[in-house]
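Below is one structure; the comments refer to it alone.
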Amino acid sequence: MRYPESARRDVSDILNAKVRLPDGSVVPLQIVASVTEEYQQTERTRIGGLQAYYVSASVDKTILSPTELVQQLQETLVPTLLQRYPDLDIHFAGEAEEQAETAGSMIELFIIAMMAVYILLAVPLRSYFQPLIIMTAIPFGLVGAILGHWFNDMMLSVLSFNGIVALSGVVVNDSLLLVSRFNENRKQDIPYREAIIEACTGRIRPVLLTSLTTFAGLAPLLSETSTQAQFIIPAAASLGYGILFATVITLIIIPAMLMIQYDVKMLFSSQTNVSETNAYPEDSGC
């Protein structure tokens, strides 16, 4: 037997349930009993035999990124909880964990890609050192990508790293133009210093046009406000600002690196000549 449905629809109906006393009188339950409310889980989750609880929240990415939030919690909240509950085990999952896994795999692939770029440059140039000179523009492209995010008030994300990886393969083009022209000048027996100057002055127009047209093509995407474009804007910012900043640095650092290569080569050649002279002294005629 039970009450009709209309009398058991709400929690208050339980408090108003009739209870018969030993003397035969009928009173509501709340008169003779103290009723307290508490939350009871419908199911329990266990991981490795330990009871687990999930705490989730949505992050406003305009204020901070999930990675920054996790870092703040690890520095402030987690030490306090572990001090109070030593047996507590805290694990951060969700988007922050996915970004960490993606970043780890991208670093491995980035190293493999850089090795492939080095091999592809070393074979046609027939040099071990010149590919390194060309690839010195890559770190400066990374600096430009970070400055671009700061200029547009954006947070670095996984999509930003995708743009940085793509940027690393693009910024070598300007350096390759200068180095290839320098090698052509050297084949024509042009002196080393003049060959560098002619390579820079002769290739400055295609270098600037390549970078400026790339940035101009990405500029409309950087100013897009639609929701669909928000996933591509970080990668576009990394690529656009990175190649723009790297181009300016390339026109300065590549000639300097070529001169350093020449100075090192002359230093070793002079030391080699001195060693040969000491090893085989000329006859004194005595």
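The values are calculated or read from the model by the stated rules, or taken from the named source; none is laboratory data. Here the structure is a predicted model, which is why all the values come from computation and not from measurement. Positions of Cβ are generated from backbone atoms using ideal geometry, with glycine treated the same way; all protein chains shown enter the neighbour counts. Note: accessible area is taken over every heavy atom of the protein model, side chains too, but ligands, DNA and RNA are not part of it. Shrake-Rupley method; radii C 1.70, N 1.55, O 1.52, S 1.80 Å.
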### Query
With springs only between Cα atoms under 10 Å, which of 158, 11, 207 fluctuates most in a Gaussian network model of the chain?
11
### Overall dimensions of region 113-211 by Cα: Rg and Dmax, Å
15.7, 50
### Task
With log10 I(q)/I(0) by the Debye sum over Cα atoms at q = 0.09, 0.11, 0.14, 0.15 Å⁻¹ in mind, check (i) -0.49, -0.71, -1.08, -1.20; (ii) -0.71, -0.87, -1.08, -1.16; (iii) -0.58, -0.81, -1.09, -1.16 and report the label derived from this structure.
(ii)
### Query
What 222 nm value per residue comes from the helices of the chain, counting each DSSP H run with n ≥ 4 as -39,500 (n - 2.57) and dividing by all residues, nearest 500 deg cm²/dmol?
-22000 deg cm²/dmol
### Query
Roughly speaking, to the nearest percent, how much of the chain's 1.4 Å accessible area is carbon and sulfur?
61
### Query
Ignoring ligands, DNA and RNA, what accessible area per residue does the chain give at 1.4 Å, in Å²?
71
### Summary
With all protein chains in place and a 1.4 Å probe, residue 225 shows an accessible area in Å² (nearest 10) of 120
### Query
What's the angle, to the nearest 10 degrees (0 to 90), between helix 172-187's Cα axis and the longest principal axis of the chain?
10
## Note on the structure
In order over region 104-112: 3J(HN,Hα) from phi, Karplus 6.51/-1.76/1.60, θ = phi - 60°, whole Hz, x for each Gly or Pro, gives x, 5, 5, 5, 4, 5, 5, 5, 5
### Message
For residue 136, what accessible surface area do you get with a 1.4 Å probe? Give it in Å², rounded to 10.
### Response
30
### Task
Pick out which of 80, 214, 250 has the largest mean-square fluctuation in a Gaussian network model of the chain, springs linking Cα atoms closer than 10 Å.
80
### Task
Please give the net charge around residue 54, taking every other residue with its beta carbon less than 12 angstrom from that of residue 54, where Lys and Arg add +1 and Asp and Glu add -1.
0
### Message
Which one, 98, 224, 38, has the greatest fluctuation when you compute a Gaussian network model over the chain with C-alpha springs under 10 angstrom?
### Response
38
### Query
Whole-Hz Karplus ³J(HN,Hα) for region 202-219, in order, using 6.51 cos²θ - 1.76 cosθ + 1.60 and θ = phi - 60°, x for Gly and Pro?
x, 10, 5, 5, x, 5, 5, 5, 4, 6, 5, 5, 5, 5, 5, x, 8, 4
### Query
What ranking of 190, 260 comes out by heavy-atom accessible area, probe 1.4 Å, highest first?
260, 190
### Task
Note the angle between two axes, namely the Cα long axis of helix 233-279 and the longest principal axis of the Cα atoms of the chain, as a number of degrees from 0 to 90, rounded to the nearest 10.
40
#### Entry: Interchain or long-range residues, amide H under 5 Å from residue 19's placed H
27, 29
